[in-house]
Every structure is written in C-alpha cells, then in structure tokens.
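See structure below.
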Amino acid sequence: MTSVLVVDDQMLIRAGLTALLRAAPGFDVAGEAADGQEAVDRARELRPDVVLMDLRLPEVSGVTATERILAERPEARVLALTTFDLDEYVYAALRAGASGFLLKETPADQLLAAVRVVAGGEVLYGPTVVRRLVETYTRAGAACEAKELTLLTARETQVLRLVGRGRDNAGIAGELVVSEATVKTHLHRVMTKLGLSSRAQAVVVAYETGLVTPRRLDGPRPPD
C-alpha cells in the first residue's frame, strides 16, 4: 500500500482527491492538510510515502512546506499540484526537490498513475519540461554560493552539464563513452556532494551555476 497525504486549502478538492485515492486499489490516505504548516506537521506525524501538495497555500506555501518536509525526510516523495505548468511555483518546487508535478485538471487515471510513479522513486517530468521551466525562471549565478561545484571532479562536472542539457543516462553514457552504470555512479556522487534529492534539482543547479546557458526568447541559444 502507498500511503498518501493530501494537501490543499480547498475542502472540495481535498475531498475529491481523498475519495479518488481511497477508491483505488493500492492506496491508503494517511491524512489531509489545509495549509503548508499543517502539511509539515502531518507529514512528520504520519510519515506518508507521497505528499500530494498544492503549491499555492495560505500562510506557509506549498513550496516552503516541500522544503521542510524533505529536509526532515529526504526519502519522502512530493507530487506538486498546480494550475499552470509554466509557473514560477512549479520551478521553485523543483528546486526544493519535488518528484513531479501535475495540473489540477489531470484526469483521475493519470493522477493515480503519477502517484504510483513517484512512490516508486521515479520522477514524473521529462527533461523538456524541466528545461522550459528553468530557461524561463532561472537567474544565472543564483545558486553559485550555495552549491559548491568545486567539490566535483572533472568527470562529475561533465555529467552534471549533460544532465542540465536534458540528456538521459543512456545519452550521457554514449557521449562520454562509458557505461550507464558508470553514469549513475557519477550522478549519485554529484547529488550527494551537492545535497540534491532529485534529477530536476541537478538541472536547476547546472543552469544557475552557469554550466548550461539558458536560451533567451529574444535571440538564438548561445553555445553551452
């Protein structure tokens, strides 16, 4: 059974999500929360596998709640709910370590499938979506002081750069002429050294530290 904490400030949406999950096999609704602070408290108390998190919450935002929950329990999975896919809140949630995001209009069967995906340790978004978000909202150099890239070896830096460019492990292995297992090892070391919990966070860091240059809407993409 996958335990899920449902977080949304609108009672009807919470009730609908809760009913959907309870009716589906393999899910257990651990509890509900109506704001960010309650989400943090309930996650600490209930230790759910997945937190279904509305990002726009009163008082404490869903982004801040995501940061606090993952700081306490890095193994937890947060699946963000949003109204718009190209949204600064979604970008912030990726930076905070969310394992994926869904539009609130997502059909029920896709939502259930998404919860299963992130519960299994996978990420829900493709590299194209992440790149589009990052290229829209990133501020070059914003994370330089926070992320010590000097801790990385030359090969680990190469891997991080290619992750930022949207390559999957197979693509990176082919470009560097190494095995996928070697790529996974390097990426694991990158994430450990930089304190990252998701591949999307690695993409964000690659852009914000200048390893990859964002494409701007008013001109061609410069070489990266």
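Looking at segment 1-88, the GluC sites (Glu not before Pro) that sit in a DSSP loop and have at most 16 other Cβ atoms within 10 Å of their own Cβ are GLU59, GLU75. If only the Cβ of Lys and Arg carry +1 and only the Cβ of Asp and Glu carry -1, the dipole of segment 10-110 around its Cα centre is close to 140 debye.
With each run of n ≥ 4 DSSP H residues scored as -39500 (n - 2.57), what mean residue ellipticity at 222 nm is computed for the chain after dividing by its residue count and rounding to the nearest 500 deg cm²/dmol?
Numbers: 10 runs with 111 residues, N = 224.
Roughly -15000 deg cm²/dmol at 222 nm, from the helical runs in the chain.
With both labels modelled 7 Å from their Cα along Cα-to-Cβ, the THR136 to THR83 distance reads 1.4 nm.
Computing FRET efficiency as 1/(1 + (r/R0)^6) for THR182 and THR213, where r is the C-beta to C-beta distance and R0 is 25 Å, gives about 0.40.
Tell me the carbon and sulfur percent of the accessible area for the chain, rounded to whole percent, probe radius 1.4 Å.
Working: 5570 of 10740 Å².
Looking at the chain in its full context, I get 52 percent from C and S.
Sorted into 10 angstrom bins from 0, the C-alpha pair distances of segment 1-127 split as 15, 53, 31, 1 percent.
Computed from Cα positions, the angle between helix 180-194 and the longest principal axis of the chain comes to roughly 80 degrees.
Between GLN10 and ALA71, full extension at 0.36 nm per residue minus the direct alpha carbon distance yields a gain of 19.4 nm. Annotation: per residue accessible area for the chain equals 48 Å², rounded to a whole number [probe 1.4 Å, protein chains only].
The GLU175 and VAL60 beta-carbon pair, evaluated with R₀ = 45 Å, returns a calculated FRET efficiency of approximately 0.60. Extents of the chain, taken as max minus min of Cα coordinates on every principal axis and listed largest first, are 48, 39, 30 Å.
The values are calculated or read from the model by the stated rules, or taken from the named source; none is laboratory data. Worth saying up front: this structure is predicted, and the values here are computed from it rather than measured. Cβ: placed from backbone, ideal geometry, glycine included. Neighbour counts: every protein chain shown. To get the accessible areas, we keep the full protein, side chains included, count just its heavy atoms, and leave off ligands, DNA and RNA. Shrake-Rupley method; radii C 1.70, N 1.55, O 1.52, S 1.80 Å.
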